[in-house]
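For reference, the structure discussed in these notes is given below.
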Amino acid sequence: MSPIALPDAAKDLIRSGALGHLVTLGSSGAPHVTCVWVGIDGDDLMTAHLNPHQRKLDNVREDPRVAISFEGTAMHPPGLKEYVVAHGRATIEEGGAAALLQELAHVYLGPDVKFPPMDDPPPGVRLRIAVDRLSGIGPW
Amino acid sequence: MSNRSSGASTSAEVHDNPTRWVAAHIRRYVASGGREHTFNGRDTLLITTRGRRSGKLRRTALYFGRDGDRYVVVATGAHDPDWYRNLLVNPAVVVQHRADTFAAVARPVTPAERPRLWQVMLRVFPGYADYQMRAGRELPIAVLEMLGP
């Protein structure tokens, strides 16, 4: 559970279909960044992955600290593009990836889409990010 | 633009679904007086619910089926979408279909009417069968009944 409440404006930006830029830390301390579809469960951020052995997931298993940013479209004085960065800790939950990917496909791809496209997708994993701090440009 | 004040509100300002393509469809629908009511060739309606926590008015667009005078809609996704959770708490909703806007009462289908209305919805959009297979739960169906004559 996120220790902070996500403001509505931040949730709206994330639900707009903005890709998340997720940063995890490798075992050597090297940063790893990847783009992900992101959903919201209460005040937690959720991602879904059919392959449980992706680098970002292995990284989180070793070090749960993550940061994730989203770019919006609104402009703020003196002409800065809105963005939000969430800092938090991620945990991995087994299963449920296809259901969440189908839900997120309707945000990121559109209606009338079957995603993942196969009939019998593997259970996969979900990443739950408990957010403890927000930064960026915007009302948060 | 959405109202960014926090806390409960009962203002009449309507907040559209923030997902860009949904918001764009709603804007076209409203601006055209309901003439641009289809999405990918399918008829859509707009439903406005009252936020169960915020008290704000929330509007989204949905495919629908008809059952007599009633409109039938499906709540897809891994979790119940906000519009569905809202109508369980506040069943008084506003529906726009094409140029007509009317007050309606929303409720989940009863177990007895569900099988028949699920078939109605599969005829509207066969893809609901795939969504149901992977949802990991029974996708809720709601009926919207117009108020008054």
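The values are calculated or read from the model by the stated rules, or taken from the named source; none is laboratory data. All values derive from a computational prediction rather than experimental measurement. Positions of Cβ are generated from backbone atoms using ideal geometry, with glycine treated the same way; all protein chains shown enter the neighbour counts.
Scanning segment A:44-76 for residues that are of a type in the set (D, E, K, R) and either surrounded by fewer than 18 Cβ atoms within 10 Å (Cβ to Cβ) or under 21 Å from residue B:134 (Cβ atoms) (or both) returns A:55, A:58, A:61, A:62, A:63, A:65, A:71.
In segment A:122-134, which residue that is surrounded by fewer than 17 Cβ atoms within 10 Å (Cβ to Cβ) and assigned to a loop (DSSP other than H, G, I, E, B) is farthest from the other protein chains (Cβ to nearest Cβ)? Looking at the filtered set, the residue picked out is A:122. Reported count of residues in segment B:25-70, each being small (Gly, Ala, Ser) and within 11 Å of chain A (Cβ to nearest Cβ), is 4.
Is one or more of the residues making up segment B:71-79 more than 14 Å from chain A (Cβ to nearest Cβ), among the aliphatic types (A, V, I, L, M) and farther than 13 Å from residue B:50 by Cβ? Looking for residues that are more than 14 Å from chain A (Cβ to nearest Cβ), among the aliphatic types (A, V, I, L, M) and farther than 13 Å from residue B:50 by Cβ, one finds at least one in segment B:71-79, hence yes.
Here's the yes/no breakdown for (1) over 16 Å from the mean Cα position of the chain (by Cα); (2) at negative phi; (3) within 12 Å of chain A (Cβ to nearest Cβ); (4) not aliphatic (A, V, I, L, M):
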| position | (1), (2), (3), (4) |
| --- | --- |
| B:106 | no, yes, no, no |
| B:125 | no, yes, yes, yes |
| B:135 | yes, yes, yes, no |
| B:141 | no, yes, no, no |
| B:145 | no, yes, no, yes |
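With respect to the conditions (1) touching a residue at least 40 places away in the same chain (Cβ under 8 Å); (2) outside any loop (DSSP other than H, G, I, E, B); (3) closer than 18 Å to residue A:69 by Cβ; (4) within 12 Å of another protein chain (Cβ to nearest Cβ), residue A:18 falls short on a single one, namely (2). Just so you know, in segment A:97-115 the residues that are part of a loop (DSSP other than H, G, I, E, B) and surrounded by 18 or more Cβ atoms within 10 Å (Cβ to Cβ) include one that is modelled with the lowest pLDDT, and it is A:111. Looking across segment B:18-61, the residues that are among the charged types (D, E, K, R), in contact with a Ser or Thr (Cβ under 9 Å, 6 or more places away or on another chain) and farther than 18 Å from residue B:80 by Cα come down to B:20, B:56. Looking across segment A:85-114, just one residue is touching a residue at least 60 places away in the same chain (Cβ under 8 Å) and among the acidic types (Asp, Glu), and that is A:103.
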